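The values are calculated or read from the model by the stated rules, or taken from the named source; none is laboratory data. A quick note: this is a predicted structure, and the numbers were derived from the prediction, not measured. For neighbour counting, all protein chains shown are included, and Cβ atoms are generated from backbone atoms with ideal geometry for every residue, glycine included. The area values use the complete protein model at the heavy-atom level, side chains included, leaving out ligands, DNA and RNA. Shrake-Rupley method; radii C 1.70, N 1.55, O 1.52, S 1.80 Å.
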Amino acid sequence: MVLCRVPRWSVGLWASPGWWRTTCTLRALVRPKRGPGCPGGASGPLACSMFSKVSSCTPEVMLTQERYPVQRLPFSVVSEEDLAAFERLVPGRVVTDPEELEVSNVDWLRTARGCSKVLLRPRTSEEVSRILRYCHERNLAVNPQGGNTGLVGGSVPVFDEIILSTALMNQVTSFNSVSGILTCQAGCVLEGLSRYVQERDFVMPLDLGAKGSCHIGGNVATNAGGLRFLRYGSLHGTVLGLEVVLADGTVLDCLTSLRKDNTGYDLKQLFIGSEGTLGVITAVSILCPPRPKAVNVAFLDLDTGSDLEMSMLARLARCFLESNLASCPGFAEVLQTFSTCRGMLGEILSAFEFMDAECMQLVQQHLHLASPVQESAFYLLVETSGSSTGHDAEKLGCFLEQVLGSGLVTDGTVATDESKAQALWALRERITEALSRDGYVYKYDVSLPVERLYDLVTDLRARLGSQARRVVGYGHLGDGNLHLNVTVDAFSAALLDTLEPYVYAWTAGQRGSVSAEHGLGFRKRDALRYSKPPPAVQLMQQLKALLDPKGILNPYKLLPTQA
(Lines give C-alpha, C1' and ligand atoms only; values in the text may rest on other atoms or scores of the structure.)
Protein backbone atom coordinates (compact mmCIF):
# COMPACT_ATOMS: atom_id res chain seq x y z
CA MET A 1 0.00 0.00 0.00
CA VAL A 2 1.27 3.48 -0.84
CA LEU A 3 0.11 6.39 1.29
CA CYS A 4 0.17 10.09 0.44
CA ARG A 5 1.59 12.51 2.94
CA VAL A 6 1.65 16.28 3.24
CA PRO A 7 5.30 17.33 3.65
CA ARG A 8 5.95 20.51 5.57
CA TRP A 9 8.61 21.93 3.31
CA SER A 10 8.24 22.14 -0.43
CA VAL A 11 10.35 23.39 -3.28
CA GLY A 12 9.54 26.69 -4.94
CA LEU A 13 12.37 27.56 -7.33
CA TRP A 14 12.80 30.83 -9.16
CA ALA A 15 15.33 32.38 -11.46
CA SER A 16 15.49 35.45 -13.65
CA PRO A 17 18.12 36.42 -16.24
CA GLY A 18 19.08 39.63 -14.48
CA TRP A 19 19.23 38.18 -10.98
CA TRP A 20 22.94 37.86 -10.62
CA ARG A 21 23.60 41.45 -11.68
CA THR A 22 21.96 42.56 -8.44
CA THR A 23 24.63 40.97 -6.27
CA CYS A 24 28.19 42.09 -5.74
CA THR A 25 31.09 39.69 -6.01
CA LEU A 26 33.55 40.34 -3.21
CA ARG A 27 36.49 39.41 -5.42
CA ALA A 28 35.73 42.41 -7.61
CA LEU A 29 35.62 44.72 -4.62
CA VAL A 30 38.57 43.66 -2.49
CA ARG A 31 41.73 42.60 -4.24
CA PRO A 32 43.62 39.96 -2.22
CA LYS A 33 47.24 40.63 -1.41
CA ARG A 34 48.29 37.22 -2.73
CA GLY A 35 48.45 38.65 -6.26
CA PRO A 36 46.56 37.97 -9.48
CA GLY A 37 45.42 34.64 -10.78
CA CYS A 38 43.21 33.75 -7.83
CA PRO A 39 39.89 32.29 -8.92
CA GLY A 40 36.87 34.42 -8.21
CA GLY A 41 33.43 35.38 -9.29
CA ALA A 42 30.30 33.31 -9.43
CA SER A 43 27.65 32.57 -11.94
CA GLY A 44 24.14 31.22 -12.04
CA PRO A 45 21.09 32.16 -10.06
CA LEU A 46 20.30 30.97 -6.60
CA ALA A 47 16.89 29.54 -5.93
CA CYS A 48 14.81 30.21 -2.87
CA SER A 49 11.87 28.40 -1.40
CA MET A 50 8.76 29.15 0.52
CA PHE A 51 7.56 26.68 3.10
CA SER A 52 4.13 25.38 2.23
CA LYS A 53 2.21 22.16 2.21
CA VAL A 54 1.96 20.16 -0.98
CA SER A 55 1.11 16.51 -1.41
CA SER A 56 3.46 13.78 -2.53
CA CYS A 57 3.20 10.01 -2.46
CA THR A 58 5.87 8.03 -0.68
CA PRO A 59 6.12 4.44 0.61
CA GLU A 60 4.57 3.58 3.94
CA VAL A 61 6.82 4.13 6.96
CA MET A 62 7.61 1.20 9.21
CA LEU A 63 5.91 1.34 12.61
CA THR A 64 8.21 2.57 15.38
CA GLN A 65 7.26 -0.41 17.55
CA GLU A 66 8.44 -2.75 14.79
CA ARG A 67 11.66 -0.90 13.95
CA TYR A 68 12.85 -0.33 17.52
CA PRO A 69 12.83 -2.58 20.63
CA VAL A 70 10.12 -0.90 22.70
CA GLN A 71 7.23 -2.31 24.70
CA ARG A 72 3.87 -0.67 25.27
CA LEU A 73 3.24 0.47 28.82
CA PRO A 74 -0.03 -0.59 30.53
CA PHE A 75 -2.17 2.34 29.43
CA SER A 76 -5.86 1.99 28.66
CA VAL A 77 -7.08 1.63 25.08
CA VAL A 78 -9.43 4.26 23.63
CA SER A 79 -12.98 2.97 23.62
CA GLU A 80 -16.20 4.11 21.95
CA GLU A 81 -17.22 5.62 25.28
CA ASP A 82 -13.99 7.63 25.31
CA LEU A 83 -14.65 8.93 21.81
CA ALA A 84 -18.13 10.01 22.86
CA ALA A 85 -16.66 11.80 25.88
CA PHE A 86 -14.09 13.59 23.72
CA GLU A 87 -16.85 14.68 21.35
CA ARG A 88 -18.58 16.32 24.30
CA LEU A 89 -15.33 18.03 25.38
CA VAL A 90 -14.34 19.36 21.93
CA PRO A 91 -17.42 19.09 19.70
CA GLY A 92 -16.61 18.57 16.02
CA ARG A 93 -12.87 18.47 16.64
CA VAL A 94 -12.30 14.76 17.21
CA VAL A 95 -10.47 13.19 14.27
CA THR A 96 -10.69 9.43 13.74
CA ASP A 97 -10.34 9.19 9.96
CA PRO A 98 -7.25 7.00 9.21
CA GLU A 99 -6.17 9.10 6.23
CA GLU A 100 -6.25 12.31 8.25
CA LEU A 101 -4.43 10.63 11.12
CA GLU A 102 -1.62 9.31 8.92
CA VAL A 103 0.05 12.72 8.58
CA SER A 104 0.08 13.20 12.37
CA ASN A 105 1.27 9.64 13.04
CA VAL A 106 4.44 10.03 10.93
CA ASP A 107 7.33 12.37 11.72
CA TRP A 108 8.82 14.78 9.17
CA LEU A 109 11.85 12.58 8.50
CA ARG A 110 9.51 9.62 7.89
CA THR A 111 11.56 7.46 10.24
CA ALA A 112 9.02 7.15 13.09
CA ARG A 113 5.36 6.14 12.87
CA GLY A 114 2.73 5.57 15.51
CA CYS A 115 -0.73 4.08 15.23
CA SER A 116 -2.92 6.56 17.08
CA LYS A 117 -6.63 6.17 16.37
CA VAL A 118 -7.74 9.60 17.56
CA LEU A 119 -6.58 13.22 17.34
CA LEU A 120 -8.08 16.03 19.40
CA ARG A 121 -8.04 19.72 18.44
CA PRO A 122 -8.72 21.98 21.43
CA ARG A 123 -8.91 25.76 21.03
CA THR A 124 -8.35 26.87 24.63
CA SER A 125 -6.35 25.93 27.68
CA GLU A 126 -9.64 25.11 29.42
CA GLU A 127 -10.38 22.48 26.78
CA VAL A 128 -6.86 21.08 27.14
CA SER A 129 -7.44 20.92 30.89
CA ARG A 130 -10.68 18.97 30.50
CA ILE A 131 -9.08 16.56 28.04
CA LEU A 132 -6.09 15.84 30.28
CA ARG A 133 -8.26 15.50 33.37
CA TYR A 134 -10.32 12.86 31.58
CA CYS A 135 -7.25 11.05 30.20
CA HIS A 136 -5.64 11.07 33.63
CA GLU A 137 -8.70 9.47 35.19
CA ARG A 138 -8.91 6.88 32.40
CA ASN A 139 -5.12 6.23 32.25
CA LEU A 140 -5.00 7.16 28.56
CA ALA A 141 -1.59 8.15 27.17
CA VAL A 142 -1.37 11.51 25.36
CA ASN A 143 1.05 12.71 22.69
CA PRO A 144 1.14 16.56 22.54
CA GLN A 145 1.84 17.75 19.00
CA GLY A 146 2.57 21.14 17.46
CA GLY A 147 3.77 21.50 13.88
CA ASN A 148 5.32 18.00 13.87
CA THR A 149 8.65 19.22 12.50
CA GLY A 150 10.80 17.49 15.15
CA LEU A 151 13.77 15.41 14.08
CA VAL A 152 14.08 12.90 16.95
CA GLY A 153 10.68 11.21 16.95
CA GLY A 154 9.37 13.20 19.88
CA SER A 155 6.30 14.67 18.21
CA VAL A 156 4.54 11.49 17.06
CA PRO A 157 3.07 8.53 18.97
CA VAL A 158 5.09 5.38 19.52
CA PHE A 159 1.99 3.21 19.94
CA ASP A 160 -1.65 4.35 20.09
CA GLU A 161 -1.33 7.47 22.26
CA ILE A 162 -4.00 10.12 21.77
CA ILE A 163 -2.64 12.98 19.68
CA LEU A 164 -3.37 16.34 21.28
CA SER A 165 -2.87 18.95 18.55
CA THR A 166 -2.37 22.65 19.33
CA ALA A 167 -3.01 23.67 15.71
CA LEU A 168 -6.23 25.56 16.54
CA MET A 169 -4.66 27.39 19.48
CA ASN A 170 -3.23 30.04 17.19
CA GLN A 171 -4.24 33.43 18.58
CA VAL A 172 -2.01 36.34 19.58
CA THR A 173 -3.20 37.56 22.96
CA SER A 174 -1.24 40.79 23.26
CA PHE A 175 1.83 42.66 22.10
CA ASN A 176 3.46 45.60 23.86
CA SER A 177 5.09 47.92 21.33
CA VAL A 178 7.23 49.56 24.01
CA SER A 179 8.67 46.50 25.74
CA GLY A 180 8.47 44.13 22.74
CA ILE A 181 6.73 41.46 24.83
CA LEU A 182 4.49 39.10 22.85
CA THR A 183 1.89 36.85 24.47
CA CYS A 184 0.25 34.19 22.33
CA GLN A 185 -1.22 30.72 22.29
CA ALA A 186 1.10 27.74 21.81
CA GLY A 187 -0.21 26.82 18.36
CA CYS A 188 0.91 30.02 16.63
CA VAL A 189 3.21 29.22 13.70
CA LEU A 190 6.65 30.80 14.10
CA GLU A 191 6.66 32.38 10.64
CA GLY A 192 3.28 33.98 11.29
CA LEU A 193 4.54 35.41 14.57
CA SER A 194 7.64 36.70 12.80
CA ARG A 195 5.50 38.58 10.30
CA TYR A 196 3.28 39.91 13.09
CA VAL A 197 6.13 41.41 15.11
CA GLN A 198 8.07 42.61 12.06
CA GLU A 199 5.09 44.73 11.07
CA ARG A 200 5.59 46.38 14.46
CA ASP A 201 9.39 46.79 14.01
CA PHE A 202 10.40 43.82 16.15
CA VAL A 203 11.70 40.32 15.41
CA MET A 204 11.26 36.94 17.02
CA PRO A 205 14.36 35.93 19.00
CA LEU A 206 14.54 32.59 17.18
CA ASP A 207 14.48 31.60 13.53
CA LEU A 208 14.36 28.05 12.16
CA GLY A 209 14.35 26.40 8.77
CA ALA A 210 10.97 24.91 9.73
CA LYS A 211 9.49 28.28 10.66
CA GLY A 212 6.68 27.90 8.13
CA SER A 213 5.22 24.95 10.06
CA CYS A 214 6.62 24.76 13.58
CA HIS A 215 4.59 26.08 16.52
CA ILE A 216 5.96 28.38 19.19
CA GLY A 217 4.76 25.96 21.88
CA GLY A 218 6.75 23.17 20.29
CA ASN A 219 9.76 25.47 19.96
CA VAL A 220 9.62 26.16 23.69
CA ALA A 221 8.91 22.53 24.61
CA THR A 222 12.04 21.43 22.73
CA ASN A 223 14.10 24.52 23.62
CA ALA A 224 14.77 25.07 19.93
CA GLY A 225 18.00 26.91 19.11
CA GLY A 226 18.08 27.91 15.46
CA LEU A 227 19.79 30.57 13.43
CA ARG A 228 19.60 33.55 15.81
CA PHE A 229 20.98 31.83 18.90
CA LEU A 230 24.37 33.54 18.53
CA ARG A 231 22.74 36.96 18.78
CA TYR A 232 19.72 36.49 21.04
CA GLY A 233 20.58 33.42 23.08
CA SER A 234 18.44 30.56 24.39
CA LEU A 235 14.69 30.45 24.94
CA HIS A 236 15.55 29.96 28.60
CA GLY A 237 16.40 33.67 28.53
CA THR A 238 13.83 35.11 26.12
CA VAL A 239 10.73 33.26 27.37
CA LEU A 240 9.26 35.33 30.19
CA GLY A 241 6.23 33.25 31.09
CA LEU A 242 4.27 30.11 30.28
CA GLU A 243 0.83 28.71 30.75
CA VAL A 244 1.02 24.94 31.15
CA VAL A 245 -1.61 22.27 31.72
CA LEU A 246 -0.36 19.46 33.94
CA ALA A 247 -1.14 15.77 33.51
CA ASP A 248 -4.11 15.84 35.89
CA GLY A 249 -5.66 18.87 34.18
CA THR A 250 -4.34 21.51 36.58
CA VAL A 251 -3.72 24.81 34.76
CA LEU A 252 -0.41 26.32 35.87
CA ASP A 253 -0.63 30.03 35.05
CA CYS A 254 2.90 31.43 35.07
CA LEU A 255 2.19 33.64 32.07
CA THR A 256 3.98 36.70 33.41
CA SER A 257 5.27 39.42 31.13
CA LEU A 258 7.76 40.75 33.66
CA ARG A 259 11.44 40.96 32.86
CA LYS A 260 12.30 40.52 36.54
CA ASP A 261 10.48 38.25 38.98
CA ASN A 262 12.57 36.88 41.84
CA THR A 263 9.81 35.19 43.84
CA GLY A 264 10.62 31.56 44.47
CA TYR A 265 11.48 28.87 41.96
CA ASP A 266 11.36 29.83 38.28
CA LEU A 267 8.93 27.05 37.39
CA LYS A 268 8.68 27.88 33.69
CA GLN A 269 12.26 26.68 33.21
CA LEU A 270 11.13 23.13 34.05
CA PHE A 271 8.93 23.05 30.96
CA ILE A 272 11.34 24.68 28.49
CA GLY A 273 12.99 21.69 26.85
CA SER A 274 10.80 19.12 28.64
CA GLU A 275 9.37 17.93 25.29
CA GLY A 276 5.81 17.61 26.55
CA THR A 277 6.67 15.07 29.25
CA LEU A 278 5.87 17.29 32.24
CA GLY A 279 2.94 19.33 30.94
CA VAL A 280 1.32 20.72 27.82
CA ILE A 281 2.35 24.30 27.04
CA THR A 282 -0.74 26.27 26.01
CA ALA A 283 0.50 29.88 25.98
CA VAL A 284 3.81 31.72 25.83
CA SER A 285 5.08 35.16 26.78
CA ILE A 286 8.30 35.99 24.95
CA LEU A 287 10.61 38.98 24.66
CA CYS A 288 11.12 40.18 21.07
CA PRO A 289 14.14 42.35 20.22
CA PRO A 290 13.80 45.46 18.03
CA ARG A 291 13.99 44.84 14.30
CA PRO A 292 17.45 45.74 12.98
CA LYS A 293 17.33 48.86 10.81
CA ALA A 294 20.49 48.22 8.79
CA VAL A 295 18.79 45.96 6.26
CA ASN A 296 18.41 48.03 3.11
CA VAL A 297 21.09 49.48 0.82
CA ALA A 298 21.33 50.63 -2.76
CA PHE A 299 22.68 48.10 -5.23
CA LEU A 300 25.91 48.75 -7.11
CA ASP A 301 26.20 49.04 -10.87
CA LEU A 302 29.88 48.86 -11.61
CA ASP A 303 29.45 50.14 -15.19
CA THR A 304 28.71 53.75 -14.21
CA GLY A 305 31.52 56.28 -14.05
CA SER A 306 30.51 57.54 -10.64
CA ASP A 307 30.92 54.09 -9.18
CA LEU A 308 34.50 53.89 -10.44
CA GLU A 309 35.37 56.88 -8.29
CA MET A 310 33.97 55.28 -5.18
CA SER A 311 36.36 54.09 -2.52
CA MET A 312 36.71 50.38 -1.80
CA LEU A 313 34.85 50.78 1.49
CA ALA A 314 32.01 52.71 -0.13
CA ARG A 315 31.58 49.97 -2.69
CA LEU A 316 31.33 47.40 0.04
CA ALA A 317 28.81 49.55 1.86
CA ARG A 318 26.66 49.80 -1.25
CA CYS A 319 26.80 46.05 -1.76
CA PHE A 320 26.18 45.20 1.86
CA LEU A 321 22.74 43.96 2.88
CA GLU A 322 22.87 41.39 5.61
CA SER A 323 24.51 38.20 4.39
CA ASN A 324 27.82 37.07 2.97
CA LEU A 325 28.50 33.57 1.71
CA ALA A 326 32.18 32.75 1.32
CA SER A 327 34.27 29.65 0.70
CA CYS A 328 37.17 28.61 2.94
CA PRO A 329 39.96 26.15 2.04
CA GLY A 330 39.98 24.11 5.28
CA PHE A 331 38.42 23.90 8.72
CA ALA A 332 41.45 25.53 10.37
CA GLU A 333 40.74 28.50 8.13
CA VAL A 334 37.07 28.32 9.10
CA LEU A 335 38.00 28.64 12.77
CA GLN A 336 40.45 31.46 12.09
CA THR A 337 37.85 33.28 10.01
CA PHE A 338 35.33 32.91 12.84
CA SER A 339 37.81 34.29 15.34
CA THR A 340 38.54 37.25 13.07
CA CYS A 341 34.85 37.78 12.41
CA ARG A 342 33.90 37.78 16.07
CA GLY A 343 36.70 40.18 16.89
CA MET A 344 36.00 42.65 14.08
CA LEU A 345 32.19 42.55 13.85
CA GLY A 346 31.49 42.27 17.56
CA GLU A 347 28.03 43.44 18.52
CA ILE A 348 26.55 43.38 14.99
CA LEU A 349 27.38 39.71 14.32
CA SER A 350 24.09 37.78 14.36
CA ALA A 351 24.91 34.47 12.64
CA PHE A 352 27.97 32.48 11.64
CA GLU A 353 27.05 29.25 9.84
CA PHE A 354 29.21 26.67 8.12
CA MET A 355 28.56 23.84 5.68
CA ASP A 356 30.91 21.39 4.00
CA ALA A 357 31.28 20.50 0.33
CA GLU A 358 28.96 17.50 0.66
CA CYS A 359 26.16 19.81 1.82
CA MET A 360 26.60 22.05 -1.20
CA GLN A 361 26.49 19.02 -3.49
CA LEU A 362 23.24 17.90 -1.83
CA VAL A 363 21.36 21.18 -2.28
CA GLN A 364 22.59 21.39 -5.85
CA GLN A 365 21.65 17.81 -6.73
CA HIS A 366 18.30 17.50 -4.99
CA LEU A 367 17.00 21.08 -4.84
CA HIS A 368 18.74 22.52 -7.92
CA LEU A 369 20.15 25.45 -5.98
CA ALA A 370 23.21 27.05 -7.54
CA SER A 371 26.37 27.94 -5.67
CA PRO A 372 27.32 31.62 -5.96
CA VAL A 373 30.99 30.88 -5.31
CA GLN A 374 33.65 28.50 -6.54
CA GLU A 375 33.96 24.95 -5.22
CA SER A 376 35.51 24.65 -1.79
CA ALA A 377 35.88 22.26 1.11
CA PHE A 378 33.83 24.58 3.35
CA TYR A 379 31.39 27.44 3.00
CA LEU A 380 30.47 30.14 5.49
CA LEU A 381 27.40 32.29 5.88
CA VAL A 382 27.91 35.43 7.95
CA GLU A 383 25.05 37.70 8.97
CA THR A 384 25.12 41.03 10.73
CA SER A 385 22.25 43.01 12.25
CA GLY A 386 22.47 46.55 13.51
CA SER A 387 20.89 49.96 13.79
CA SER A 388 23.24 52.04 11.61
CA THR A 389 23.78 51.23 7.94
CA GLY A 390 26.98 53.23 7.61
CA HIS A 391 28.51 51.89 10.81
CA ASP A 392 27.68 48.26 9.96
CA ALA A 393 28.90 48.59 6.37
CA GLU A 394 32.20 50.01 7.57
CA LYS A 395 32.76 47.15 10.02
CA LEU A 396 31.76 44.50 7.48
CA GLY A 397 33.96 46.12 4.85
CA CYS A 398 37.00 46.04 7.11
CA PHE A 399 36.34 42.40 7.97
CA LEU A 400 35.96 41.35 4.33
CA GLU A 401 39.09 43.24 3.33
CA GLN A 402 41.00 41.50 6.12
CA VAL A 403 39.93 37.92 5.36
CA LEU A 404 40.19 38.27 1.58
CA GLY A 405 43.49 40.10 1.75
CA SER A 406 45.01 37.57 4.13
CA GLY A 407 43.90 34.62 1.98
CA LEU A 408 41.57 33.15 4.59
CA VAL A 409 38.65 33.52 2.20
CA THR A 410 39.15 32.73 -1.48
CA ASP A 411 35.86 33.86 -3.00
CA GLY A 412 32.58 35.42 -1.99
CA THR A 413 29.46 37.39 -2.85
CA VAL A 414 27.22 39.80 -0.97
CA ALA A 415 23.50 40.15 -1.62
CA THR A 416 22.07 43.59 -2.19
CA ASP A 417 18.45 43.16 -1.17
CA GLU A 418 16.40 41.05 1.20
CA SER A 419 15.21 38.50 -1.36
CA LYS A 420 18.76 37.76 -2.48
CA ALA A 421 19.87 37.45 1.14
CA GLN A 422 17.09 34.91 1.63
CA ALA A 423 18.34 33.01 -1.40
CA LEU A 424 21.79 32.78 0.18
CA TRP A 425 20.18 31.60 3.42
CA ALA A 426 18.32 28.91 1.45
CA LEU A 427 21.63 27.18 0.74
CA ARG A 428 22.07 26.67 4.47
CA GLU A 429 18.49 26.34 5.68
CA ARG A 430 17.41 23.71 3.16
CA ILE A 431 20.20 21.20 3.78
CA THR A 432 17.85 19.12 5.95
CA GLU A 433 15.35 19.00 3.10
CA ALA A 434 18.05 17.93 0.64
CA LEU A 435 19.26 15.22 3.01
CA SER A 436 15.76 13.78 3.27
CA ARG A 437 15.81 13.25 -0.50
CA ASP A 438 19.17 11.47 -0.44
CA GLY A 439 17.94 8.32 1.33
CA TYR A 440 17.44 7.22 4.91
CA VAL A 441 19.11 9.71 7.26
CA TYR A 442 20.81 9.04 10.59
CA LYS A 443 20.83 12.47 12.25
CA TYR A 444 22.99 13.69 15.10
CA ASP A 445 22.85 17.13 16.68
CA VAL A 446 25.75 17.61 19.07
CA SER A 447 27.55 20.38 20.91
CA LEU A 448 31.34 20.24 20.90
CA PRO A 449 34.28 22.54 21.60
CA VAL A 450 34.62 24.54 18.37
CA GLU A 451 38.19 23.39 17.80
CA ARG A 452 36.97 19.77 17.63
CA LEU A 453 33.70 20.47 15.85
CA TYR A 454 34.51 18.88 12.48
CA ASP A 455 36.78 16.11 13.77
CA LEU A 456 33.76 13.89 14.41
CA VAL A 457 32.76 14.13 10.74
CA THR A 458 36.19 13.10 9.41
CA ASP A 459 36.47 10.36 12.03
CA LEU A 460 33.07 8.93 11.12
CA ARG A 461 33.82 8.98 7.39
CA ALA A 462 36.86 6.84 8.04
CA ARG A 463 34.91 4.53 10.34
CA LEU A 464 32.00 3.93 7.96
CA GLY A 465 33.79 3.89 4.62
CA SER A 466 31.55 2.52 1.88
CA GLN A 467 28.75 1.65 4.34
CA ALA A 468 27.41 5.20 4.01
CA ARG A 469 26.34 7.11 0.93
CA ARG A 470 27.31 10.41 2.53
CA VAL A 471 28.63 11.69 5.85
CA VAL A 472 28.06 15.44 6.04
CA GLY A 473 28.62 18.17 8.60
CA TYR A 474 27.16 21.65 8.95
CA GLY A 475 25.77 23.85 11.67
CA HIS A 476 26.03 26.86 13.92
CA LEU A 477 29.75 27.40 14.42
CA GLY A 478 29.10 30.39 16.64
CA ASP A 479 27.26 28.09 19.07
CA GLY A 480 29.57 25.07 18.78
CA ASN A 481 26.64 23.10 17.31
CA LEU A 482 27.37 20.40 14.71
CA HIS A 483 24.65 18.74 12.63
CA LEU A 484 26.14 15.39 11.65
CA ASN A 485 24.18 13.39 9.09
CA VAL A 486 24.73 9.98 7.53
CA THR A 487 22.67 8.95 4.49
CA VAL A 488 22.19 5.41 3.19
CA ASP A 489 19.83 3.68 0.78
CA ALA A 490 17.63 2.22 3.53
CA PHE A 491 17.52 1.80 7.29
CA SER A 492 20.02 -0.73 8.60
CA ALA A 493 20.07 -1.98 12.18
CA ALA A 494 23.67 -3.08 11.69
CA LEU A 495 24.74 0.41 10.65
CA LEU A 496 22.82 1.88 13.58
CA ASP A 497 24.86 -0.36 15.88
CA THR A 498 28.02 0.96 14.23
CA LEU A 499 26.93 4.56 14.79
CA GLU A 500 25.52 4.21 18.28
CA PRO A 501 26.74 4.49 20.90
CA TYR A 502 30.01 5.38 19.09
CA VAL A 503 28.86 8.94 18.21
CA TYR A 504 27.59 9.52 21.75
CA ALA A 505 30.72 8.13 23.39
CA TRP A 506 32.94 10.24 21.09
CA THR A 507 30.93 13.34 22.01
CA ALA A 508 31.05 12.53 25.73
CA GLY A 509 34.82 12.11 25.43
CA GLN A 510 35.03 15.78 24.42
CA ARG A 511 32.65 16.77 27.25
CA GLY A 512 30.06 17.70 24.65
CA SER A 513 26.29 17.27 24.55
CA VAL A 514 24.49 14.55 22.59
CA SER A 515 21.71 17.04 21.81
CA ALA A 516 22.45 20.68 21.13
CA GLU A 517 19.00 21.84 20.03
CA HIS A 518 16.85 19.02 18.60
CA GLY A 519 16.05 17.43 21.95
CA LEU A 520 16.07 13.72 22.78
CA GLY A 521 12.60 12.61 21.77
CA PHE A 522 12.20 8.88 21.27
CA ARG A 523 15.34 8.08 19.34
CA LYS A 524 17.92 9.75 21.61
CA ARG A 525 16.38 9.11 25.03
CA ASP A 526 18.82 6.36 26.00
CA ALA A 527 21.73 8.65 25.11
CA LEU A 528 20.88 11.06 27.94
CA ARG A 529 23.38 9.35 30.24
CA TYR A 530 26.25 10.37 27.94
CA SER A 531 25.59 14.02 28.79
CA LYS A 532 24.12 13.92 32.29
CA PRO A 533 25.46 12.16 35.42
CA PRO A 534 23.32 9.50 37.18
CA PRO A 535 22.14 11.84 39.97
CA ALA A 536 20.86 14.31 37.36
CA VAL A 537 19.01 11.60 35.45
CA GLN A 538 17.51 10.30 38.69
CA LEU A 539 16.30 13.79 39.63
CA MET A 540 14.68 14.16 36.20
CA GLN A 541 12.84 10.87 36.72
CA GLN A 542 11.67 12.04 40.14
CA LEU A 543 10.34 15.28 38.65
CA LYS A 544 8.48 13.28 36.02
CA ALA A 545 6.96 11.04 38.70
CA LEU A 546 5.92 14.08 40.73
CA LEU A 547 4.24 16.02 37.93
CA ASP A 548 2.95 13.04 35.93
CA PRO A 549 2.64 10.09 38.33
CA LYS A 550 0.80 7.90 35.80
CA GLY A 551 3.29 8.73 33.05
CA ILE A 552 0.58 9.57 30.51
CA LEU A 553 2.31 12.63 28.96
CA ASN A 554 4.41 11.81 25.90
CA PRO A 555 5.54 8.41 27.16
CA TYR A 556 8.67 6.71 25.75
CA LYS A 557 10.29 10.12 25.20
CA LEU A 558 13.24 12.06 26.65
CA LEU A 559 13.95 9.90 29.71
CA PRO A 560 15.95 6.64 29.38
CA THR A 561 14.23 3.28 29.29
CA GLN A 562 13.73 1.91 32.78
CA ALA A 563 13.89 -1.79 33.59
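Brief remarks follow.
- Distance in nm between pseudo-label sites at D526 and D417 (7 Å out along the Cβ direction from Cα): 5.4 nm
- Length added when fully stretched, H391-A85, from 0.36 nm per residue minus Cα-Cα: 103.9 nm
- Modelled FRET efficiency - R0 35 Å, E100 with T173, Cβ distances, 0.05 increments: 0.75
- Net length gained if the chain between R200 and Q365 were fully extended (0.36 nm per residue, minus Cα distance): 55.5 nm
- Once all protein chains are placed together, I272 keeps about 10 Å² accessible to a 1.4 angstrom probe.
- Sequence-distant lysines (8 or more away, or on other chains) whose Cα lies within less than 25 Å of K550: K117, K268, K524, K532
- Percent antiparallel among DSSP beta bridges (both partners in the stretch 114-197, rounded to 5): 40 percent
- Long-range HN-HN contacts of L240 with modeled amide H, under 5 Å: S285, I286, L287
- The share of accessible area on the stretch 69-192 that comes from carbon and sulfur is 51 percent, using a 1.4 angstrom probe.
- Cα gyration tensor shape for the stretch 99-199, rounded if a/c is under 1.5, else prolate or oblate: oblate
- Label sites at R511 and L73, each approximated as a point 7 angstrom past Cα along Cα to Cβ, lie 3.4 nm apart.
- Per residue accessible area of the stretch 161-245, 1.4 Å probe, in Å²: 31 Å²
- Residue-span extension gain [E66 to D261] - 0.36 nm each, minus C-alpha spacing: 65.4 nm
- Accessible-area composition of the stretch 414-563, carbon plus sulfur, in percent [1.4 Å probe]: 52 percent
- Using heavy atoms of the protein chains and a probe of 1.4 Å, the accessible area assigned to T173 is about 100 Å².
- Residues of the stretch 407-549: accessible area per residue with a 1.4 Å probe, Å²: 37 Å²
- Solvent-accessible ranking of R67, R529, largest area first, probe 1.4 Å: R529, R67
- Accessible surface, per residue, of the stretch 247-293 when the full set of protein chains is kept, probe 1.4 Å, Å²: 52 Å²
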